1. Taking only Cα atoms, what is the 0 to 90° angle, nearest 10, from helix 275-295's long axis to the longest principal axis of the chain?
2. Within 10 Å of each residue's Cβ, count the other Cβ atoms and sort 181, 229 from fewest upward.
3. Find, to one decimal place in angstroms, the Kirkwood hydrodynamic radius of the stretch 110-162, where the mean of 1/r is taken over every pair of different Cα atoms and then inverted.
4. Where in the stretch 190-223 does the label zone of residue 171 land, with the point 7 angstrom along Cα→C-beta and an amide N cut-off under 11 Å?
5. Fully extended, how many nm does the chain gain between residue 107 and residue 350 (0.36 nm per residue separation, minus their Cα-Cα distance)?
6. Describe numerically, in nm with one decimal, the distance between label points set 7 Å from Cα along Cα→Cβ at residue 3 and at residue 65.
7. Sticking with the crude label model, points 7 Å out along Cα→Cβ, report the distance from residue 223 to residue 97 in nm, one decimal please.
8. Along the three principal axes, how long is the chain when you take its alpha carbons, biggest first, rounded to the nearest angstrom?
Amino acid sequence: MILGHKYEVVVVGAGPAGLMAARELAKQNIDYLLIDRKKEIGLPLKCAEGVREKEFYEIFGEGQYDFIRNRVHRHEVIYEEVKRVFYADFLQISRPDFEKWLGRGLVIELECVCEDIFVKSDRVEITTSRGKVSAEIVIMCSGCNYELLKNSTLVRKISRTIPAFGGLYKNHGLDPSAFYYYYDKDYLGYFWIFPKNKDVASIGFGGIPAWPWHQANIGAILKKFLAKYGINPELVQNYGGPIPCSGPVKRPYSDRLLLAGDAAGFVVAMSGEGILYALKSGRYAARSAAGALKNKRFDNRSLMIYGKVCDDDFGRRMKNGIISYRLFTLACRSGILKYAIKNVSVKKVKDLIMD
Ligand SMILES: Cc1cc2nc3c(=O)[nH]c(=O)nc-3n(C[C@H](O)[C@H](O)[C@H](O)COP(=O)(O)OP(=O)(O)OC[C@H]3O[C@@H](n4cnc5c(N)ncnc54)[C@H](O)[C@@H]3O)c2cc1C
């Protein structure tokens, strides 16, 4: 990191979105700076590590990747005695290993906090814990850390988030060839078990109580779910964090600024999936930044293309995520969730969630 230097692009945050953006910038020989406040790429783990197989391979190509722990086709949705089965190809990865792989060959400034960004007519000034730098354009991949965006008043309406909490567990006792989703009328969210193998699984809960008077401690909710279904695994390591649930921000771009991944709200509201859209939007943001540098045009109209490319690729899935989340909330609050799970058609689930 060269203090006082004007980079072509500064990327804030080295999660999937930022790493993907930096990979693309490096490929195009752009003078970039990638910073992150954490100590080590991929850590601490804050994710259940499930990702759609087909689109993942479309990005990276099919292959034997060491960070893939499991492949599943079967998804079991459970509500007490009701069980429905849906099919879709998903991978269970080790996200720390994946992010390390993604960041190979990149120059990353770790333990470097972005404290402020200030957009000027001829550059963006970035204040970090190590000092100031500037850039033609900034790609914000800072996840759910919306303080930074709020303080800089660059985004008027930030995403709403829901809490998610879980961990890696041993002895889950379930068939590792499926992912399991448990629902309950008392919670707007779901409890997941994503096995990595016959021994270890990622287990967690993301959501909020359906009514305010219910137990709101997310760790206690997870314990209650496990007890209800007689699952008694051994905790290896906890993880947790917020998940954006209100869909994409209206405009993920403004003068000299692009938002990617969670920072832009690119998460499927119903499922909480964000890895794929962080990867895609990170790459699109870098390509749009490269185009802006080539044309020397950094105003928001010239960056509009970025919003359009994201919308064309995964806008429909984001909208479907919001629709399914609203339907789910309605079913939960009106007491018909169990009936809805029992009777929803496979086609509807495929249209709204799986495809
Ligand atoms: C408990 C949980 C389970 C999840 N499970 C899944 C799942 O199974 N599948 C799925 O697809 N998605 C899942 N998600 C969502 C997924 O984790 C996110 O959508 C994804 O991580 C978004 O990537 P990102 O790069 O945008 O943000 P992040 O991965 O959050 O990365 C943001 C980075 O920015 C850095 N940063 C933040 N502020 C600053 C600053 N001021 N200065 C410098 N650096 C900064 C952070 O340190 C971080 O490294 C889950 C989320 C949670 C919380």
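A short reminder: the numbers here are calculations on the coordinates, not readings from a lab. In this text the structure is predicted, and so the values were computed from the model without any measurement. In this analysis, Cβ positions are derived from the backbone assuming ideal geometry, glycine residues included, and neighbour counts consider all displayed protein chains.
1. Tilt relative to the chain: about 20 degrees.
2. Listing 181, 229 from fewest to most nearby Cβ atoms yields 229, 181.
3. Value: 12.0 Å, from the Cα pair sum.
4. The answer is none, because no backbone nitrogen lies closer than 11 Å to the label point.
5. 83.4 nm
6. 3.8
7. Distance between label points: 3.2 nm.
8. 62, 39, 37
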